[in-house]
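Worksheet: one structure, shown below.
The values are calculated or read from the model by the stated rules, or taken from the named source; none is laboratory data. The shown structure was predicted, so the numbers you read here are calculated from the model rather than taken from an experiment. All Cβ positions, even for glycine, are placed from backbone atoms using ideal geometry, and neighbour counts span all protein chains on display. Keep in mind that these areas ignore ligands, DNA and RNA; they rest on the heavy atoms of the full protein, side chains included. Shrake-Rupley method; radii C 1.70, N 1.55, O 1.52, S 1.80 Å.
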Amino acid sequence: MLMLCLAWVLGGSRRLPVRAMRLSFVGELGWELHIPRASCVPVYRAVMTAGAKHGLVNAGYRAIDSLSIEKGYRHWHADLRPDDSPLEAGLAFTCKLRSGVPFLGREALEEQRQVGLPRRLVCLTVEEPVDVSALGPGVLAVSNASSRKVPMFGLEAIWRNGQVVGHVRRADFGFAVDKTIAYGYIRDPSGQPVSLDFVKSGDYALERMGVTYTAQVHLKSPFDPDNKRVKGIY
């Protein structure tokens with residue numbers, strides 16, 4: 001749900017207009033403030049002053065990257081590209097397929113839903129090393145060190161049952177779950193559609209610089225999968 005309201009921020013002795021949007025890209029109950037350019041600095045100072053007693057601090061874009069991947073929010077250019085479909089990306093809820101509303105690409109999505117998905121975006125978390133002999137002889141050496149915090153950035157190979165089934169599109173460290181998180185599209189090597197059963201039934205690993213790390217696949221985001229925190233339910 002998107003809420004808009006007009007508010008006033010007290011900057012010194014002046015009241016400054018702000019458009020507040022109930023919107024979050026980090027998985028928490030939050031707002032975006034849209035501010036006239038001339039008022040940006042005084043509004044920023046007023047917000048930082050008011051938030052100081054609550055521990056408010058500045059956060060950079062790498063923090064947004066980490067928080068968004070932890071919540072499962074998609075990034076354009078990484079998780080989403082022009083050649084990815086909403087169904088493959090797990091974003092069917094953004095399309096009005098249950099209604100009669102026409103939209104560009106509807107016929108293609110209906111056809112894809114009918115025949116099955118050739119690939120599917122999945123979430124993977126790097127786990128502590130375990131016995132991965134079930135992954136098959138094709139897997140390379142497995143790390144014996146604590147691997148949950150191994151740095152990954154994208155393009156790492158995704159292994160399933162001893163076969164490479166895709167590569168990581170985006171990865172970052174999730175500080176709330178204390179694990180490396182990766183998103184990537186996987187395919188069935190047999191050429192069959194990628195069903196949810198196919199996703200759930202495999203044993204996974206991620207390969208980084210010739211070393212594989214045991215991974216757990218998730219059908220929902222590992223952080224707040226029931227989407228409560230953005231509603232203020234803690």
Listed residues Ala20, Ala38, Ala171, most fluctuating in the chain (Gaussian network, C-alpha, under 10 Å)
Ala38
Using helices alone, I'd like the mean residue ellipticity at 222 nm for the chain: each DSSP H run of four-plus residues gives -39500 (n - 2.57), total over residue count, nearest 500.
-5000 deg cm²/dmol
Could you please report the charge total around Cys40, scoring K, R as +1 and D, E as -1 over all other residues with beta-carbon less than 14 angstrom from its beta-carbon?
+3
What FRET efficiency, computed as 1/(1 + (r/R0)^6) with R0 = 25 Å and r the Cβ-Cβ distance, is obtained for Asp83 and Asn161, rounded to the nearest 0.05?
0.45
Can you check what the net charge comes to around Leu29, using other residues whose Cβ is under 15 Å from the Cβ of Leu29 (Lys, Arg +1; Asp, Glu -1)?
+1
What order do Lys71, Lys53, Lys149 take when sorted by accessible area (1.4 Å probe), most exposed first?
Lys53, Lys149, Lys71
From largest accessible area down, sort Val126, Val115; use a 1.4 Å probe on the protein chains.
Val115, Val126
Antiparallel bridges, percent of DSSP beta bridges restricted to the chain (to nearest 5):
95
Would you please classify the overall shape of the chain from the alpha carbon gyration tensor, given that a ≥ b ≥ c denote the square roots of the eigenvalues, rounded means a/c under 1.5, and beyond that prolate means a/b larger than b/c while oblate covers the rest?
oblate
Among residues other than Asn227 whose Cβ falls under 10 Å from its Cβ, what is the net charge (Lys/Arg +1, Asp/Glu -1)?
+3
Taking a label point 7 Å from the Cα of Tyr61 along Cα-to-Cβ, the residues of region 14-36 whose backbone nitrogen sits under 17 Å from it are 25-26
With a Förster distance of 30 angstrom and the Cβ-Cβ distance between Lys228 and Tyr44, calculated FRET efficiency to the nearest 0.05 equals 0.50
Would you work out which of Ala182, Gly202, Val150 lies farthest towards the positive end of the dipole of region 146-226, given +1 charges on the beta-carbon of Lys and Arg and -1 on that of Asp and Glu, about the Cα centre?
Val150
